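Data first, discussion second: the structure below is written as structure tokens.
The values are calculated or read from the model by the stated rules, or taken from the named source; none is laboratory data. This structure is a prediction, so every number in the text was calculated from the model and none was measured. Cβ coordinates were reconstructed from backbone atoms using ideal geometry, including for glycine residues, and neighbour counts include every protein chain displayed.
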Amino acid sequence: MAPFPPSVDAGLAYFPQALTPYLRAAYLDPAVTSLRCWQAGPYLVLEVDHPPPEVTHGEQVLTVLQGGLEELLPALPWADWQGDSGCQLGVRIYLKVRDAAQPYGIRSFTWSRLESGRATPDHQAAGSPLCGAEARSALPDAAIQLAPKPTWRGWVSPWLNNQVTALVANYWAGGVAVLMLVVSGCLVYGFTRPCVVGGCDRLERSRAFYQLAQTALRADSTNTNVVAVQADLQAAVDLLTPIPIWSVHYGSAQAGLDRYSPVLASLKTVLQAQQKAFSAAQLSQTPPHPVERWVTIHLLWQQAIDQLTTIGLPSPAYDYAQKKLMVYRANYSLIGGRVMAEEAAEANFNTAIQTAQLARQRMDSSHSLAGWQVATKAWQAAITQLSLIPQGTLIYPQAQAHLQDYRQQLARSLNQVAIETASTHRYDQAMQAARMAAARGAKGQWRLAVGDWQQALAYIQQIPVDRTLFKEVPTLVETYQTNLGYAQTQMKRSQSLVGVTTALGKICGAANCTVAADNDQIRLNLPFAYAQGLKQALSLPQQGGSNQLGPGLKSLIDTIINVSHQLKQVVVIYDGEGHLVARYQPDLGGFSRALDRGGI
């Protein structure tokens, strides 16, 4: 590892003072903030130390300081340095709270002396290349390795070539020449392997790479550049791997490899887990998604978690893996909820569609109140199932469109249920009134029967034409009207008979005069004396007798005539022994008397 020349180190000593304006630009107080700048392996390290607490704009501070370094680095006297770092310089900026064990912000970048656009006057005067004696190509940012110094290996190959040529010329015998060539080649190969002759700067350089990686991993930052840390560790491993077993430094190299390789493997696992997490996050963009996609995302988070759980103590990557595990498990749980929500939403949507189909079938084929009630319950169930679908699920827009239609269908069904319920209620009321009218008619309570038939007719006529029960209405209306007419006729007869009975009571007095109504005639039973008087009165004109009738008999005859005409029925008069006395026929307008006891 080639240190910076004194001139460069002296220039770096002025960096803290030169960076003061940049601290002010980053809203840090230069009076209480300290800066240190030093070389760590192949890196230039700048540490910014400030009083607590941590600044909330740490990324902004790191960006400002990076810009300051990129402006100041070209001014250093790099012409005095003939080191082996090539044309690029790795730079690390640490941002930490004073007395804290680890930084909470890290910025890693590569400064290229070729891309800086500036060259020192010494370089221009000497006409030398910008990057030293050899304009080496830039190395990767996180694995910058110092090129080895020129050693005796540079002249071994020409010497070997000359010796082999001489040997082949002097000893043209093939076996001896080949043997000498193999032995010489093995010796040269063995002595030219890294760290076989002289010191071994690879151990120190690899240790520097490891320390940089360890510092970055243990920093309390969620923005740790794991790729750069892995590159540092890979560089440390690559430096130690070529050291052969016959080197005196082999043991130290293997000890370093035993220490660095597991950490490198852990970092590779972390990167694999982060790649899974990145894929899951990418697939999660612009939701909602189908269930199948959420299941795939859920599986990716699970795989990332499984990979991180394999990293245990004492790996330096353990703390970093634990921080990521907390985030990944939270995302895994969140995505699991999305999977369940989408599955439940699809199930509710499919069930709602099936229930709605049943409701439509009931509405199309319903011929009763019960059918409309079943349709109403089906619409209510379908609406409930769609209402359970939460916003944010893939099926939610479709569910809302169906929900609007289902609510309209429910309103229609409820209206039909209300109408059918009212119609059924009127139908039941009509049937109940008809049953009551028939019962009262059977008891001869014709006045009450007439009222019941009228009520039954009014109820049945209130059923709308477009209702299911209306098909029975015409028949029932005709029946009720017929029964009402009959009951009205019977009520009139009853009222007339009451009048006849009252009149007979006044005429007959204490004598027993009775009235009975048959289906087609009225039967009047008179005591014998009244029957004989009526018979004689009816025969007087034919016998030339006087037409003068007594008041009672005349009143009796008038009552019989009135009742017959009022009821439009024949009145038949019998004596107390049941013999026919006479018959009054309203259509003929007169009496016909009995000729003898056997006839009229």
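What to note about this one:
- Checking each residue in segment 278-297 for being at negative phi, in a loop (DSSP other than H, G, I, E, B) and free of Cβ contacts under 8 Å to residues at least 12 places away in the same chain picks out only Gln285.
- The set of residues in segment 442-461 being in a helix (DSSP H, G or I) and under 60 Å from the mean Cα position of the chain (by Cα) consists of Gln455, Ala456, Leu457, Ala458, Tyr459, Ile460.
- Any hit, segment 387-402, residues being buried (at least 21 other Cβ atoms within 10 Å of the Cβ) and aromatic (Phe, Trp, Tyr): no
- Taken together, the residues in segment 437-454 that are under 23 Å from Ala422 (Cβ atoms) and crowded, with 19+ Cβ neighbours inside 10 Å amount to 3.
- Check on Leu313, of a type in the set (A, V, I, L, M, F, W, C) and more than 31 Å from the chain's Cα centre (by Cα): yes
- Test: residue in segment 211-219 that is buried (at least 19 other Cβ atoms within 10 Å of the Cβ), assigned to a loop (DSSP other than H, G, I, E, B) and in contact with a strand residue (DSSP E or B) (Cβ under 8 Å, 6 or more places away or on another chain): yes
- Those residues of segment 575-600 which are out of contact with any Pro (no Cβ under 9 Å at 6 or more places or on another chain), under 18 Å from Ala537 (Cα atoms) and at pLDDT 75 or above, in sequence order: His579, Leu580, Val581, Ala582, Arg583, Tyr584, Gln585, Gly589, Gly590, Phe591, Ser592
- Leu325 meets the stated requirement of being among the aliphatic types (A, V, I, L, M) and closer than 18 Å to Ala280 by Cα.
- Neighbours by Cβ (under 8 Å, 6+ apart or cross-chain): first from segment 458-476, of a type outside the set (Lys, Arg); second in a loop (DSSP other than H, G, I, E, B) and modelled with pLDDT under 75: Thr468/His367
- Taken together, the residues in segment 222-241 that are modelled with pLDDT under 90 and part of a loop (DSSP other than H, G, I, E, B) amount to 4.
- All of Thr376, Thr351 fail the test of being within 30 Å of Pro464 (Cα to Cα) and free of Cβ contacts under 8 Å to residues at least 60 places away in the same chain, apart from Thr376.
- Test for Val263: is it part of a helix (DSSP H, G or I) and surrounded by 20 or more Cβ atoms within 10 Å (Cβ to Cβ): yes
- Condition check for Ala418: more than 30 Å from Ala381 (Cα to Cα) and in a helix (DSSP H, G or I): no
- Among the candidates Asp201, Asp258, the residue that is surrounded by 13 or more Cβ atoms within 10 Å (Cβ to Cβ), acidic (Asp, Glu) and at pLDDT 85 or above is uniquely Asp201.
- Taking the criterion of being free of Cβ contacts under 8 Å to residues at least 40 places away in the same chain and of a type in the set (Gly, Ala, Ser), the residues of segment 305-346 that qualify are Gly312, Ala330, Ser333, Gly336, Gly337.
- Scanning segment 268-277 for residues that are closer than 30 Å to Glu54 by Cα and not in a helix (DSSP H, G or I) turns up nothing.
- Exclusive hit being at pLDDT 90 or above, more than 29 Å from the chain's Cα centre (by Cα) and within 30 Å of Leu358 (Cβ to Cβ), set Leu410, Leu414: Leu414
- Within the span defined as segment 306-318, one or more residues are of a type in the set (Ser, Thr, Tyr) and at pLDDT 90 or above.
- Verdict on Ala434 being in contact with a Phe, Trp or Tyr (Cβ under 9 Å, 6 or more places away or on another chain), under 30 Å from Glu343 (Cα atoms), surrounded by 21 or more Cβ atoms within 10 Å (Cβ to Cβ) and of a type in the set (Gly, Ala, Ser): no
Here is a yes/no grid of residues against (1) in contact with a Phe, Trp or Tyr (Cβ under 8 Å, 6 or more places away or on another chain); (2) over 17 Å from Ala213 (Cα atoms); (3) of a type in the set (Phe, Trp, Tyr):
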| residue | (1), (2), (3) |
| --- | --- |
| Gln234 | no, no, no |
| Leu264 | no, no, no |
| Val270 | yes, no, no |
| Lys276 | yes, yes, no |
| Leu299 | no, yes, no |
| Thr309 | no, yes, no |
| Pro316 | no, no, no |
| Ser333 | no, yes, no |
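- Whichever residue in segment 418-430 is surrounded by fewer than 19 Cβ atoms within 10 Å (Cβ to Cβ) and among the aliphatic types (A, V, I, L, M) and, among such residues, is modelled with the lowest pLDDT: Ile419
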